[in-house]
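The structure appears below as structure tokens.
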Amino acid sequence: MELTEKEQKMLSGELGNAKKKSMAILLALGKIFGAKNMIPVKSVQVAGVSYSNLGEAGLEYLSELAKDGKVEVLTTLNPAGMDTENWQALGIDSDFADKQNRVIEAFSKMGIQTTCTCTPYLIGNKPEQGDHLAWSESSAVTYANSVLGAYTNREGGPSALAAALTGVTPNYGLHLDENRKPDIHFKVEAELKTLSDYGALGYFIGNNCKAKIPYLSGNLKPTNDQLKTFSASVVTYGSQSLFHIKDITPEAGKFEIPKEEITITQNEIQNSYKELSDEGTEVDFVSIGCPHASIDELKKVAELLKGKKVKVETWVATARPIKKKADELGYSKIIEDSGAKIACDTCMVVAPLKGRFKTCATTSAKACYYVRGKHGMKTRIGSLEDCINAAVSGGWEQ
Amino acid sequence: MKGRTIFKGKAEGEALVSAEPISFYGGVDPDTGKIVEKDHPLEGQSIADKILVFPQGKGSTVGSYVMYSLKKNGKAPKAIINRETETIIAVGAIISEIPMIDKIDISQIKTGDKVKVDADNAVVEVEQ
């Protein structure tokens, strides 16, 4: 690989240990993936934040880097294991809180903005079409690539952090136009109205596109929130972090429509719902906001909860600046008066929830995968109305 | 056998071979070095001080941090050999400073073989 003078300086250790380690990581990755050079990045999104995922090892590693590491570009952070201000209300214990705070401090020391959200594009880190990035957090990567037309690989926590500390990433994969063309065409005939409909769509496409980049056409008029949830779902169930939608996404018109076709009827969507949900009507946890809720979603939640009380533990996860907006607009008070909790900085995927609840009702297909696998819960997936009804009634209507 | 250097260094020891990928996050106990993934062919065995041979990694990129932990706890393998590596194991070897070579035909190595790893020159020697 060809390195610039600055990249060589970083690799030699002249600019400190953190940059040396980081360049070594990026160089090795570049070698593995056949990159000819590094490419500068506009911003970085770092995953690997929750103490329940990192453990003592991760904390040690980050603290070591923080001794002399400073980021070179705008760097934002993934959700942590807890709401940093309100962790007691969410049932987190103080030992965990202490460790989690030390993780966040290490990131902060490196100059990272501790935004603790998977939706950086909603709160000040919004890439433009053509920007090269090094983002981790698969839903954000997929949204940035597909909906915003930015260029990023699906980085892991350590490689994203290395990119932040050096300002560069190896130039391979989705940084190259030729790797962004779609290979399979999904003709969508089903009617899609809710977030969970788009999640179910992502579930089907992810499972059926294998390693191919999907191109979608059909009667699709997704809102931004629906694109957000689709991005999360398609990358959770499939291996590609890029999709194209005819007349909707910025790069869709650049490519030839793929010859291989799969038609998606209402049947495929209904089957996806069946596979994403477990049978039964009990619910002891309702979870909204995977990816983190937008201000519009919070408005809808408030409208549904107004004047009501929840019978079941209910979390609405969102980025802190969005909660602050919801405070001003009066949505937060309505939501919290119902007994539901607004969770910032965290979510139902990365919080240490194992063993606390048996069954989770959610609008998010992505959340179904993680609450099943990581937390051993059963799942119910449905629209926002279905989920809030479950929270208020204490049971799921099939 | 000649392969590709992922991280430099030399080591020799006893091979522990898996034909299945290994997930360090959730699949290996960082305190004991034992493989804990349910139904994994090496379940219950310790990778500590072994020449660990497997096709590639899988699972979360947090696995790189688990490898770092193993090294700090003195439970890391002496060296790692992969058929075709991916990011988790490569990054893990680099941050933990574990000698590592990939692009090796791992079917040529059996558990118990004495193996010499020269990751400076990307050479693996197997004594059978």
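Bear in mind that the values in this text are calculations on the coordinates, not laboratory data. No experiment lies behind these values; they were computed from the predicted model shown. Ideal geometry is used to build each Cβ from the backbone, glycine not excepted, and the neighbour counts take in all protein chains shown.
In terms of the Cα gyration tensor, with a ≥ b ≥ c the square roots of its eigenvalues, is the stretch A:287-335 rounded because a/c is under 1.5, prolate because a/b exceeds b/c, or oblate?
oblate
So which chymotrypsin sites (Phe, Trp or Tyr not before Pro) in the stretch B:1-67 are both in a DSSP loop and have at most 14 other Cβ atoms within 10 Å of their Cβ?
none
Would you calculate, for chain A, the mean residue ellipticity at 222 nm contributed by helices, counting each DSSP H stretch of 4 or more residues as -39,500 (n - 2.57) and dividing by all residues, to the nearest 500?
-12500 deg cm²/dmol
With the Cα gyration tensor of chain A giving a ≥ b ≥ c as the square roots of its eigenvalues, does the rule (a/c under 1.5 for rounded; else a/b larger than b/c for prolate; else oblate) give rounded, prolate or oblate?
Oblate shape, in that a/c is at least 1.5 and b/c is the bigger or equal ratio.
Could I have the simple spin-label model distance between A:Lys212 and A:Lys274, label points 7 Å from Cα toward Cβ, reported in nm to one decimal?
2.5 nm
Set the Förster distance to 22 Å, then compute FRET efficiency between B:Glu84 and B:Lys8 from the Cβ-Cβ distance, nearest 0.05.
0.70
Using a simple charge model, +1 on the beta-carbon of Lys and Arg, -1 on the beta-carbon of Asp and Glu, nothing else, what dipole does the stretch A:86-165 show about its Cα centre, in debye to the nearest 20?
Dipole magnitude for the stretch A:86-165 comes out near 100 debye.
What ranking do A:Arg356, A:Arg154 get, fewest neighbouring Cβ atoms within 10 angstrom at the top?
A:Arg356, A:Arg154
Going down the table (A:Lys309/A:Lys354; A:Lys299/A:Lys341; B:Lys38/B:Lys71), which pairs top 18 Å between alpha carbons?
A:Lys309/A:Lys354; B:Lys38/B:Lys71
Calculated from DSSP H runs of 4 or more alone, at -39500 (n - 2.57) each and per residue, what is the 222 nm mean residue ellipticity of chain B, nearest 500?
My calculation for chain B gives -4500 deg cm²/dmol from helical runs alone.
Taking the 0 to 90 degree range and rounding to the nearest ten, how far is the long axis of helix B:63-72 tilted relative to the main principal axis of chain B, both from C-alpha atoms?
Orientation of helix B:63-72: about 80 degrees from the principal axis.
Using a 10 Å cut-off around each Cβ of peptide A:43-54, what is the average number of partner chain Cβ atoms that fall inside?
The per-residue average across the peptide is 2.
Considering only Cα-Cα distances, which of the following residue pairs are longer than 29 Å: A:Lys9/A:Lys67; A:Lys311/A:Lys333; A:Lys187/B:Lys103; A:Lys109/A:Lys333?
Violating the 29 Å limit, Cα to Cα: A:Lys187/B:Lys103; A:Lys109/A:Lys333.
Toward the positive end of the charge dipole of chain A, about the Cα centre and with charges on Cβ (Lys, Arg +1; Asp, Glu -1), which of A:Val392, A:Leu54, A:His244 goes farthest?
Result: A:Leu54.
Listed highest first by mean packing, meaning other Cβ atoms within 10 Å per residue, what order do A:31-39, A:362-370 come in?
A:362-370, A:31-39
Using a 10 Å cut-off around each Cβ, can you sort B:Glu14, A:Glu7, A:Glu128 from fewest to most neighbouring Cβ atoms?
With the fewest neighbours first, B:Glu14, A:Glu7, A:Glu128 line up as A:Glu128, B:Glu14, A:Glu7.
Past 24 Å, Cα to Cα, is the threshold; run B:Lys2/B:Lys50; A:Lys20/A:Lys374; A:Lys181/A:Lys228 against it and keep the listed order.
A:Lys20/A:Lys374
Using a ≥ b ≥ c from the Cα gyration tensor of the stretch A:10-128 (square roots of the eigenvalues), is it rounded, prolate or oblate, where a/c under 1.5 gives rounded and otherwise the larger of a/b and b/c decides, a/b for prolate?
prolate
Could you tell me which GluC sites (Glu not before Pro) in the stretch A:159-199 are loop residues by DSSP with no more than 15 other beta carbons within 10 angstrom of their beta carbon?
Answer in residue order: A:Glu189, A:Glu191.
Looking at the protein assembly as shown, send over the antiparallel percent of its DSSP beta bridges, to the nearest 5.
Rounded to the nearest five, the antiparallel share is 30 percent.
What average number of partner chain Cβ atoms lie no more than 10 Å from the Cβ of the residues making up A:55-67?
4
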